[in-house]
Amino acid sequence: MTTQATSSAGQGESTGAETLTVTDNRTGQVYELPIADGTIRATDLRQIRVDDDDFGLMTYDPAFMNTASCRSAVTFLDGERGVLEYRGYPIEQLAEKSTFLEVAYLLVYGDLPTQAQLDAWVGQIADHSGVDENFRRLLEGFRYDAHPMGMLQSAVGALSTYYPEAKDVGDPDVRMEQVIRLIGTVPTLGAWAFRHNQGWPLVYPDASLDYPSNVINMFFNKGGAFEIDPRLARAMDVLLILHADHEQNCSTSAVRSVGSSQADPYSAVAAGVSALYGPLHGGANEAVLRMLKRIKDPKDIPAFMEGVKSGQERLMGFGHRVYKNYDPRARIIKKACDDVFAVTGVNPLLSIAVELEKIALEDEYFVKRKLYPNVDFYSGLIYEALNIPVEMFTVMFAIGRTPGWVAQWLEMIQDKEQKISRPRQVYVGARQRDYTEIGARSS
Ligand code: CMC
């Protein structure tokens, strides 16, 4: 409970108590606010008022720069030290030893599965990877050059119309059924969006293949003998693991926010897909490839960097709201590039990317702002080596991020402290104006 004190704690004096003493200089009142987990409750500020008519003090935090919106046990991220853990397991170990579906289980259930649990889980995901034939017609309705993220977002939202029971978000069994279906069907819908763009016939999921091989098969199998190099399937799996969750990022916040209205999880995840589409979020990997192709030649890098430093453009794939150190995922992806290029041959854009990174890591502009490569800087090069077109990069990100979205949605739905998401505002517009008839208005 918040207490309201009447005397100051005194400057520099430490009582050791987990509280914050605030003096309102407008009134001279002193307040003592509890601190828990390094936070104060924003609603505790409401008692700080100048008079009875005052609504109470709020925090102003556009873009949530310093506001925790939930308590979460899914992903730990220390941006200053470059640490990323899913349910406490370091991303480096998971990328080396685990599989994407095992990581998905970990995110959803909180612990690594036994072999029997993993086998059952893999079977359930495979059983839920098909979609109604009507989705074929839904996707055929799009223009041949429709962006696949637009198609994916519509198709994921449309799933809610096929599984109306999904809106019963209070039922744990119903919830889990949709979670499994989302992890199973997002790759199918993503692959079908891709094949629609290519004008190729659709390929159905194949339960005899492991998860990444099934994804590759649905994307690229054009009939006849179709061999999947296990090294490429593994590289795809690692990429998906690296994208599986990243705590309260823009798309996950969108999923939580929409889900907080108790909309079904398909509608919530469709919102996540929409948020991910943007070039400052998942769309950055697409933007990186376009940037590298535009630079074309390492000799043009200095001129490009001058444009970045003068604010004319951004070095895409660099910088992060949370990481002020090397993104650990970028380090793993850079290594995975070598494995993939050993099979496919080196992507000539790699030399431009490596040179850009080298210059940026030594340049005062980037050093001062703590701008390092993020997950998107090298991932596009791997996707391109796998023959995935640029427009599809963000779809691959969405396939990887789906377990994170659903794990965060499950956590939000079961969190007793969560309510419908509803920020406050600072109103700065006009007040109480009299309506002017249209003929009496000046231009
Ligand atoms: N190139 C050049 N300057 C940059 C960059 C960049 N990529 N990123 C940040 N800055 C500068 C920015 O201009 C600002 O400088 P100043 O202080 O002089 O105004 C300073 O660094 C702080 O930037 P900010 O825009 O206030 O930082 P933010 O936390 O709002 O933005 C970001 C984070 C990721 C949107 C931004 O770094 C960015 O636009 N990066 C490029 C896009 C990108 O790679 N996005 C993928 C993010 S990782 C995948 C994901 O999680 O979705």
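None of the figures in this text is laboratory data; all of them are computed from the coordinates on show. These numbers come from a predicted model, not from an experiment. We place every Cβ from the backbone using ideal geometry, glycine too, and count neighbours over all the protein chains shown.
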- Helix 148-162 sits off the longest principal axis of the Cα atoms of the chain, rounded to the nearest 10 on a 0 to 90 degree scale, by 80 degrees
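Based on the mean of other Cβ atoms within 10 Å per residue, sort peptides 37-50, 396-409, 270-283 so the most packed one is first.
Working: 37-50: 13.4, 396-409: 27.7, 270-283: 21.6.
Descending mean neighbour count gives 396-409, 270-283, 37-50.
The chain: longest stretch without exposed GluC sites (Glu not before Pro) (DSSP loop, at most 15 other Cβ within 10 Å), sites themselves excluded?
Details: sites that count: GLU13, GLU18, GLU80, GLU133, GLU227, GLU313, GLU417, GLU437.
Answer from the scan: 314-416.
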- Item | Cα centroid separation - the stretch 301-342 against the stretch 365-417, whole Å | 14 Å
- Let me know the charge dipole size of the stretch 72-414 about its Cα centre in debye, to the nearest 20, where only the beta-carbon of Lys, Arg (+1) and Asp, Glu (-1) is charged. 940 debye
- Query: Per residue and in Å³, how big is the convex hull formed by the alpha-carbon atoms of the chain?
  - Reply: 228 Å³
- Query: Cα-Cα pairs above 16 Å in the stretch 221-329: how many percent?
  - Reply: 73 percent
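Would you list ASP132, ASP338, ASP376 from fewest to most Cβ contacts within 10 Å?
Working: ASP132 14, ASP338 11, ASP376 29.
By the 10 Å Cβ count, ascending: ASP338, ASP132, ASP376.
At most 15 other Cβ atoms within 10 Å and a DSSP loop assignment: could you name the chymotrypsin sites (Phe, Trp or Tyr not before Pro) in the stretch 194-243 that fit?
PHE226
Tell me which trypsin sites (Lys or Arg not before Pro) from the stretch 162-268 have a DSSP coil assignment and no more than 16 other beta carbons within 10 Å of their own. Display every interim value, and only then the final one.
Working: sites: LYS167, ARG175, ARG181, ARG195, LYS222, ARG231, ARG234, ARG256; in loops: LYS222.
Answer in residue order: LYS222.
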